Each structure stands twice: as C-alpha cells, then as structure tokens.
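J.: Pasting in a structure now, in structure tokens, and then I'll have a few things to ask.
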Amino acid sequence: MMTKAWRMKEEGGIAILEFDQPDADVNVLNSQNLLELKHLLAEIGSRHDLKAIVITSAKDRIFIAGADIREIEKISSTTDALEKAEQGKVVLKMIEDLEIPTLAVINGACLGGGYELTLACKWRVASSSEKVKIGLPEVNLGVIPGFGGTQRLPRLIGPMKALSVILAGRVVSAQEALKLGMVDRLFPEKVLLKNSIQFTKEIVNRQLTRSKGRSSSWFLEKTPLGRFLVYRQAKKGILRLTKGFYPAPMKALEVIQKTYGREAVCGFRLESEAFAELAVTDISKNLIKLFLANEQYKKFPRTKTHVPPLEIKQCGVIGAGVMGGGIAQLVSDKGIPVRIKDIQPQALGSALKEARTIYDSALKKKKLKRQELDFKMGLISVGLTTQTLRRSQIIIEAVVEDMKVKEKVFGELSQITDRSTILASNTSSLSITRMAEVSRYPERVIGLHFFNPVHKMPLVEIIPTPHTSEEVLAKTIQFARSLGKTVIVVKDVRGFLVNRLLMPYMNEAAYLMEEGCSPATVDQVATDFGMPMGPLELLDFIGIDIAAKVAKILHEAYGERMKCASLMKTVQEKGLLGKKSKRGFYIYKGKKKKPNPDIMTVQKSGVCPSRNDILKRLIYIMINEATRCLEEKVVEESSAIDIAMIMGTGFPPFRGGLLRYADFVGAKNIVDDLKRFRDQQQTDRFSPAPYLLRLSEKHQTFYPI
Ligand code: NAI
C-alpha cells in the first residue's frame, strides 16, 4: 500500500492537516499528493462538526518547497501543462471555498505552489525563524505561478507589492513577509503550533476576519491611471533586468495587468494559459535543468571520505591584493576570524578599505546592521609577518601570479605549519602540484580558486593534486560550501576549467579586432547572445596585462591553439591596461565608455566577418576546448562545464550552459563551421577536437536526449 503524504488529526474541533511526503527530505506538490489532498478536502467539506482547518508540515526546514519541478520538466505539450495548472487550481479552490476558517502554519521554505496553497487559506502564520523563506520564484524557472498566485497575491497585498514579489521571483524572510502582508502573524518557532492553534481558536470564537490589507498608494493602486503608471514602470524594470531574454516576468505582468480587479474565474484561466505557454519553451526547460543540476552540485559529495567539518578558529590569507582582500572579507562575513599577510603595508590598508566598502554597501541596502558590520570588520586582522598565520587551520595563498613567488611562499609556510593545516592556492593558472612538491606536507596542498569579485561570484574551483589527501579535499569542499559557494572539482591542468575556456573566447575577440572588427561590434554580438558583458570589455575589466600573463601560461601548456593575439601585446606595450588605467579597448570616463581610437591603429585589415560568424567563432572555440576538457577528464561531466560557465563567467542561463547550447546547435554544424574557419584563417586553433568529431560523426549529443 502506498504511504500517504497527508495526515489528519483533530484537536477540539480543529482539523490539523500535516503534510509529510514519504521517503523525501522535502515536501513538494505533485499530481499524486494533490489528488490525495483533494479527497481529504472532500471529506472535510462534508463534515459539519469541524470548526477550522490548520495546514502544517512535518518536515523540519520545509513547509512546501513548491510544485514538483521534475513534473514540470516532463511537460511536453501546452495541453498537458494547462491540465496540470487547472488540476492544482481545483484543489486550492476547494480550500478557498471551505466556509470554516483555514490557516497555514509556515515553518521553513514556503515557495511557489507551496505559498500558492497558503494563499488559498484565509489566514497564514509563520515562525520568526531564519529558516522561513516565502515567495513565488517561478519566473526563475521560466514560468509564472500556475496555482493562482498571480490572482490571489495582488488581491491580498495590492498589485504594487505583488508585482515586486512575482516579477523578480523574490524570496523573502518571515519578517519581510509580515511587513508585506504575505503572512498575518509571526510566532516563535518553539511555540509555533501551540500559538497557531490558540490563534485559530481566537478566530473561531471571536469570529475574526482578516482586515483588508492597506494599499501602498490609493492613487497608484485604485485608479486606472495610477495602475497604468505602475505597470509601465514594472515593464521598464523587467526590460532592464532581463534585457528581453526571459519572457516569464513580462508574461506575469501581462496576466496581472489584464486580470487585476476583474472576475476571478477569467483571471485563473488566463494564468493557466500563460503558464502552459511558457512551460513548454526551451528557455523554461533549460532553466529547470540548470536548477536541478545546481541542486545536485550543492550537495554532491564528490569525495570518498566523510570527515567532520573543518573547525576554523582562524583562516590565514597571504597577499592583500584584489583577491586576498576579497577572500578575507568573505571569510569574515561568515563569522570566521581571518588574518591577512602581505609584504606591503599599503596593500593591507587597501584590503581593509575594500572590505569596509563592501560592508558599507550592505549596510546601505539594509542587509546588515551597524553592530554586525563592526563585529565582522573586527574579525579581520592584518600583519607583515608569516608567523601570525601559524594558528590558522586553513591558509589561502593569493600573491602575485608568479611561480617563483608562490614557491617561496609555500616553502615559508612549510616552516611554520604542521600536518593539520590546509594550504590552499588561489592561483588562476599555475600548477598546484608544483606548489605541493615544494611543501613539507604535499598531501595538505590544494587549489581553491575564487572568482573576482569574490563576494559576488558564486563559483569556486577546487583543484586536488595527485598528492592531496581525500580528507583535505573533503574538508576544503565543506569549507567552500560554508562560504556559500558552489563547488566544482577540477583536475590540475593549466587554467583549470573556467579560464581554460574563457581565455580562447577573449583571445578570439582580440583576433577579430585585429582583423578589422570594432570592439563595439564584437562586444555587441556577445551581449546580444546574452553574455553579461562583451569579451573585450571583459578583458578591460580583468586587466589586459593580467590576461596576457594567463594567456602566456596557457600558450606554453597547450601550444599554438592558445597563442595570444599579437594585438594584446601591442595594446599592452602602448600602456593600455584596461579599466584600471582608464584606457584599454575602451576609454573610461566616469560611468561612460567609448571605443579607444588608439586601438584601431593596430588593426591589420578592415575586414570584419558577419555578426553570425563573429558569434560562432567566439562560442564554438569555447565548445571545442570544452570537449577537450571532457576527454581529458578535467571535470567528470558536461553539467559541471555548464554550471561552471554560468556561475564563473555569466554564460546566459536561459541557454542552459555552453554544452546544452552546443547540443541545441548540433555537433555536426559546429564541426562544419570550425573547419570552415580553420580553412579561412589558415590556423589550427579551429581544428575540431577528436571528441567533438566523434559526436558529429555519430550524430550524438553531450547530454542524453
Ligand atoms: P594583486 O596583484 O592584486 O595582489 C597580489 C598581492 O600579493 C599584492 O598585494 C602583493 O604585495 C602581495 N605579495 C606579493 N608577494 C608576496 C609575498 N611573498 N607575501 C605576501 N604577499 C605578497 O593580485 P590579485 O589579482 O589579487 O591575484 C592574486 C592571485 O589570485 C593570483 O594568483 C591570481 O592569478 C589569482 N586570481 C586573480 C583573479 C583576478 O581577477 N584578479 C581572479 C582569480 C584568481
């Protein structure tokens, strides 16, 4: 017999429905448990002795995490999608139609379909715990709420606040949910159920009805002109955020705009139709697959050893530059004392200043309180001697990208640390194995590669060497996750994964410029594809000198195909280093930038390929290198490449990742174009990699179809 997901008990005439999905850590709404709920509600509806219904969850950190994403992923037709949305709506409508008071008790994640279920109740209460997260994040999966969220939330809290929640897929804390009117009461976690039942009794005995939420502004919400202005503003906001690449927020706005204040039945139907239209798009499928892969990477053990977490009393950082300073700020933000060492006093001062700037900005955005800021800044200490790092359980090296300097640092660290300290390097491209080999305990050395800016970029590459112990690998992964990062484990090859793929892309942009394209054209093609910034602007951001250094290391490691475009060298010789020198491919003045005419003088010819070929050259060169990485087992699977490129470089998520995009184009088409570019340019850098050729010949894809 199948175990039930819903349990019902009664207490003084109040029915308590407890949701507990069998054999699962989380509760999600699926066809089966919705049907079960439907039967239960039919039974409840026929009972005249019940005074109220309380809906709660048996899971510790979850109320209901949403509708089952795997079911949405499998939807193959709009008819199927429409049916699913309508089935959910029928059940929620049964809750709404119950004449007795209904109250949802939220403790933990209450998202998407889960929050929509609570919206069908007359009352919502939550615990004041930090684990409460409430919202309608459907647009992040390329769809809109399908169980009535676009209808009930605007009616509950007014269209302005509802738009701010739905269009951005915002997830809010219990306190913010209370402020917005998304829940009616907060109770301490320990007495949540007891107080909720007490509150339900009050509702029953005193016949309480919800007071109508006050609208944010009478003019903006209650008059047609006001609402027109609200919707126009919302549209502008969506376009600014999505650049037109993600249709779901616009669809949600359209549904709310057409239905707010009108008859409920029509609104519900329109919502289902819009949901169905979006659920079958490639964009939604890509975003869902990405979400699932991301969840997997968040918990993927990836190590053979299960070890107790690293207890860190102090984290050491060597090098107080851009990266060292950023890492120290992040570590302190997680409540860990951190000691930075540099050889230059002014670098230490700048690192402290930079950390302060990041905290100040969080303070301004009300994400941090003044006392928290003081406490966190107090966790960062600085010094010029290595000795003070002795007490650290993990030391992260972030000195200049020069093997001789790194070897010296690892040699010094061997003198002051013992077998219990993990020594990590943040190098972008140098051999971690080499650093391990100059250390006294090579098994304690590992790569821990953050991206710039450290507090914003969600990815970390972790690079074990053949000497690294499983324990050190497991503890470093735990450490990186405790800093809130997504981890991919990468083989110790030059450039690891992300820089090995990104460098050919930026280099190709430099070749295109050399041939005669303007920086604006090349960058525009990339941003029109969905990249957050063009490759030449990115080079300016990184620093052309730094990029050239990495390019040289990759050229030495991989040969001619990674040869740096000569334009990069010429540009550097002219002292054009990028944004930091205010002149690179562009000239920077305040927030504005314009193409740098000095660069145009180094172009070889005036012939620029078509926009289509520019895009193909930029993207296919990365795909080609990615197939080499798969073949060399730099990472184990295609999804690691896709996650890494999205989180490490901002590759457009709606395209599903580099290799999902490759599958969309087809290996054969990519190979044909690479061969064409190879013949046109007379260069082996476009020669298709053996694995890509095999896929093309066998008509195969990177992912199973
Ligand atoms: P940076 O040039 O901003 O800072 C390097 C710091 O190291 C300087 O403050 C310098 O005084 C200090 N230093 C030099 N020798 C030292 C020694 N023996 N002991 C202590 N401090 C010493 O460099 P950045 O950009 O922070 O890079 C550091 C490392 O991080 C490099 O390996 C780089 O490849 C890597 N990285 C850089 C990224 C970036 O975007 N800048 C991104 C990811 C990794």
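The values are calculated or read from the model by the stated rules, or taken from the named source; none is laboratory data. A quick note: this is a predicted structure, and the numbers were derived from the prediction, not measured. Cβ coordinates were reconstructed from backbone atoms using ideal geometry, including for glycine residues, and neighbour counts include every protein chain displayed. Protein only, heavy atoms only, side chains kept; ligands, DNA and RNA dropped before computing areas. Shrake-Rupley method; radii C 1.70, N 1.55, O 1.52, S 1.80 Å.
J.: I'd like the residue in the stretch 384-396 that is outside any helix (DSSP H, G or I), open to solvent by less than 50 Å² (accessible area, probe 1.4 Å) and out of contact with any Phe, Trp or Tyr (no Cβ under 7 Å at 6 or more places or on another chain) and, out of all such residues, is farthest from the ligand (Cβ to nearest atom).
T.: Q393
J.: Shifting gears a bit: I'd like to check which helices (runs of 4 or more DSSP H) are fully inside the stretch 165-272 and have at least 3 residues that are more than 31 Å from the chain's Cα centre (by Cα) and within 30 Å of I283 (Cα to Cα).
T.: 224-242
J.: Kindly indicate which of T223, T209, T200 is at pLDDT below 95 and more than 30 Å from T242 (Cα to Cα). Break it down stepwise before answering.
T.: Working: T223 fails: more than 30 Å from T242 (Cα to Cα); T200 fails: at pLDDT below 95.
Going through T223, T209, T200 in turn, just one is at pLDDT below 95 and more than 30 Å from T242 (Cα to Cα): T209.
A quick yes/no check of all residues on (1) open to solvent by less than 10 Å² (accessible area, probe 1.4 Å); (2) of a type in the set (S, T, Y); (3) farther than 20 Å from I16 by Cα:
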{"site": "V105", "(1), (2), (3)": "yes, no, no"}
{"site": "G112", "(1), (2), (3)": "yes, no, yes"}
{"site": "L119", "(1), (2), (3)": "no, no, no"}
{"site": "R124", "(1), (2), (3)": "yes, no, no"}
{"site": "S128", "(1), (2), (3)": "no, yes, yes"}
{"site": "L141", "(1), (2), (3)": "no, no, yes"}
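J.: Consider the stretch 559-614. How many of its residues are in a loop (DSSP other than H, G, I, E, B) and not hydroxyl-bearing (S, T, Y)? Working first, answer last.
T.: Looking only at the stretch 559-614, we keep the residues that are in a loop (DSSP other than H, G, I, E, B), and these are 563-565, 574-577, 582, 584-585, 590-591, 596, 601-610.
Retained after the next criterion (residues that are not hydroxyl-bearing (S, T, Y)): 563-565, 574-577, 582, 584-585, 590-591, 596, 602-604, 606-609.
Going through the stretch 559-614 one residue at a time, the tally reaches 20.
J.: Right, next: Looking only at residues that are open to solvent by 10 Å² or more (accessible area, probe 1.4 Å) and touching a Leu at 6+ places or on another chain (Cβ under 8 Å) in the stretch 349-375, which one is nearest to K456 (Cα to Cα)?
T.: Ranking the qualifying residues of the stretch 349-375, first place goes to A362.
J.: Follow-up. Could you check V400 against (1) within 14 Å of the ligand (Cβ to nearest atom); (2) open to solvent by 40 Å² or more (accessible area, probe 1.4 Å); (3) free of Cβ contacts under 8 Å to residues at least 60 places away in the same chain and say which number it fails?
T.: Unmet condition: (3).
J.: Among the residues of the stretch 62-79, write down those that are farther than 19 Å from N27 by Cβ, touching a helix residue (DSSP H, G or I) at 6+ places or on another chain (Cβ under 8 Å) and in a helix (DSSP H, G or I).
T.: Taking the stretch 62-79 first, the residues farther than 19 Å from N27 by Cβ are 74-79.
Those left that are additionally touching a helix residue (DSSP H, G or I) at 6+ places or on another chain (Cβ under 8 Å): 75, 78-79.
Those that are farther than 19 Å from N27 by Cβ, touching a helix residue (DSSP H, G or I) at 6+ places or on another chain (Cβ under 8 Å) and in a helix (DSSP H, G or I): T78, T79.
J.: Ok, one more. Which of the residues that make up the stretch 311-347 are within 9 Å of the ligand (Cβ to nearest atom), touching a helix residue (DSSP H, G or I) at 6+ places or on another chain (Cβ under 7 Å) and either closer than 11 Å to L483 by Cβ or part of a loop (DSSP other than H, G, I, E, B) (or both)?
T.: Matches in the stretch 311-347: A320, G321, D342.
J.: Now a separate question. Kindly indicate which of I641, I646, I670 is assigned to a helix (DSSP H, G or I) and touching a Cys at 6+ places or on another chain (Cβ under 8 Å).
T.: Going through I641, I646, I670 in turn, just one is assigned to a helix (DSSP H, G or I) and touching a Cys at 6+ places or on another chain (Cβ under 8 Å): I641.
J.: Can you tell me how many residues in the stretch 406-456 are assigned to a loop (DSSP other than H, G, I, E, B) and either away from the ligand (no atom under 14 Å from the Cβ) or crowded, with 17+ Cβ neighbours inside 10 Å (or both)?
T.: Within the stretch 406-456, residues that are assigned to a loop (DSSP other than H, G, I, E, B) and either away from the ligand (no atom under 14 Å from the Cβ) or crowded, with 17+ Cβ neighbours inside 10 Å (or both) number 18.
J.: Any residue at all in the stretch 570-583 that's among the β-branched types (V, I, T), modelled with pLDDT of 90 or more and surrounded by fewer than 18 Cβ atoms within 10 Å (Cβ to Cβ)?
T.: No, the stretch 570-583 contains no residue that is among the β-branched types (V, I, T), modelled with pLDDT of 90 or more and surrounded by fewer than 18 Cβ atoms within 10 Å (Cβ to Cβ).
J.: Next question, about the same structure. Could you list, in sequence order, all residues of the stretch 265-288 that are open to solvent by 10 Å² or more (accessible area, probe 1.4 Å), farther than 13 Å from G657 by Cα and in contact with a helix residue (DSSP H, G or I) (Cβ under 8 Å, 6 or more places away or on another chain)?
T.: Once the filter is applied, which keeps residues that are open to solvent by 10 Å² or more (accessible area, probe 1.4 Å), farther than 13 Å from G657 by Cα and in contact with a helix residue (DSSP H, G or I) (Cβ under 8 Å, 6 or more places away or on another chain), the stretch 265-288 yields C266, F268, L270, E273, F275, E277, V280, T281.
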